[in-house]
Amino acid sequence: MNANGKLHRRTHIRQGDRTRRALGPALQPWLRCSLQSLLRCLLIGSMLGTAAACDAAPDTYTHTQPNSDTDTGIQNAGTAADSSAKAVQHYGFAVVSQLRFDRNNFTQGLEIHDGRLYVSSGLYGQSVIRVYTFPELELLHSVPVDPRIFAEGLTVIGDRLILLSWRERVMLVYSLPAMTLIGQSPLPGQGWGATHNGSVLWFSDGSDRLYSADLSADGELAMLPVTLAGKPLRNLNELEWVGDEIWANVWQTDHIARINPETGIVEGMINLSGLLADEDRLRDTDVLNGIAINPEDGAIWVTGKRWPWLYQIRLENSPP
Ligand SMILES: [Ca+2]
């Protein structure tokens with residue numbers, strides 16, 4: 001197991017076979033949709049009531065390995081890595097307030113929606129979605145995920161919660177407020193972080209690329225290469241749409257990148273080194289991960305994997 005808590009399995013099973021084995025028959029009754037048809041389903045109402053519109057369709061996405069240069073065939077929505085380097089603004093932080101948080105959260109996804117905090121917690125056999133009141137953090141739901149699935153990022157769009165999986169190539173869809181699992185869709189590659197802007201779903205796969213699909217249109221995937229000072233910025237993880245930017249945890253670092261979603265250029269880097277005090281670290285305390293903006297007041301909240309605190313932070317300009 002690596003520092004991310006992710007198992008490196010050695011397997012010679014072809015990806016498709018592995019996916020079928022990983023999911024097994026238990027999930028077969030759920031609707032299996034292409035990403036495009038799933039996205040349409042999300043907006044036109046109850047998936048169960050519109051099953052006819054969710055017939056499986058061939059995946060058009062073949063990219064599987066983060067950090068590879070394999071041609072995906074996906075529309076490239078951003079500028080290439082040869083984008084002209086732009087001065088990066090560097091930020092430090094100040095803690096505005098902090099809330100006690102359940103250390104059991106191996107936080108992969110963090111989002112505040114309609115007075116609720118949604119947290120996806122990863123690891124095989126332990127993955128769960130927890131829903132809390134916010135900011136009271138009273139636990140409302142604890143929804144276990146199939147133990148064969150390693151839960152990753154989540155985002156709430158309308159009355160649907162979308163949960164990514166790490167390597168199982170599946171995306172689960174829950175209805176709010178009951179958190180009922182109502183469908184799944186093949187996920188074209190690895191899932192890491194997720195966020196959204198209006199009807200546009202954004203997600204990361206651990207590479208230097210972000211992917212987006214407009215749920216109100218045809219759900220076609222677009223790919224955005226992300227660059228820092230003209231070079232690819234890999235290991236993009238948990239995401240949050242903040243203002244007109246996408247903020248992304250950079251895995252295994254204390255940094256959050258502020259990404260221009262039009263160009264993919266990182267225009268700011270936030271250094272959160274020292275946020276979690278040494279005395280709050282235990283043997284299994286893991287990396288910074290999790291960004292959520294409170295839509296009600298614009299406050300930024302961050303945490304990490306098995307961290308005992310949610311921190312509200314304020315950015316401060318700092319030298320590089
Ligand atoms: Ca988030």
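Which is touching a residue at least 24 places away in the same chain (Cβ under 8 Å), farther than 15 Å from E262 by Cβ and more than 14 Å from the chain's Cα centre (by Cα), of L224, L215?
One residue alone meets the criteria, L215.
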Picked from segment 215-238 (must be farther than 23 Å from I112 by Cβ and acidic (D, E)), the residue nearest to the ligand (Cβ to nearest atom) is E220
Filter pass, P232 being surrounded by fewer than 23 Cβ atoms within 10 Å (Cβ to Cβ), under 21 Å from Q252 (Cα atoms) and in contact with a strand residue (DSSP E or B) (Cβ under 8 Å, 6 or more places away or on another chain): yes
Residues of segment 150-167 being of a type outside the set (F, W, Y) and surrounded by 24 or more Cβ atoms within 10 Å (Cβ to Cβ), in sequence order, are A151, E152, G153, L154, T155, L161, I162, L163, L164, S165
Counting only residues in segment 202-214 that are within 16 Å of the ligand (Cβ to nearest atom) and hydrophobic (A, V, I, L, M, F, W, C), the one surrounded by the most Cβ atoms within 10 Å (Cβ to Cβ) is identified as F203
Check on S216, under 15 Å from I162 (Cα atoms) and hydroxyl-bearing (S, T, Y):
no
Restricting segment 259-277 to residues that are without any contact (Cβ under 8 Å) to a residue 24 or more places away in the chain and not hydroxyl-bearing (S, T, Y), the one nearest to the ligand (Cβ to nearest atom) turns out to be N260
Requiring at least 3 residues that are under 22 Å from N104 (Cβ atoms) and either basic (K, R) or within 15 Å of the ligand (Cβ to nearest atom) (or both), the strands (runs of 3 or more DSSP E) wholly within segment 114-201 are 116-121, 128-133, 151-157, 160-165
By residue number, the members of segment 278-306 that are within 16 Å of the ligand (Cβ to nearest atom) and in contact with a Ser or Thr (Cβ under 6 Å, 6 or more places away or on another chain) are N289, G290, T303, K305
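I'd like the residue in segment 89-113 that is assigned to a loop (DSSP other than H, G, I, E, B) and surrounded by 16 or more Cβ atoms within 10 Å (Cβ to Cβ) and, out of all such residues, is farthest from the ligand (Cβ to nearest atom).
D102
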The condition from (1) at pLDDT 95 or above; (2) crowded, with 23+ Cβ neighbours inside 10 Å that S185 misses is numbered (1)
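The values are calculated or read from the model by the stated rules, or taken from the named source; none is laboratory data. Only a predicted model underlies this, so the values are computations on that prediction, with no experimental measurement involved. Please note: Cβ atoms are built from the backbone with ideal geometry, for glycine as well, and neighbour counts cover all protein chains shown.
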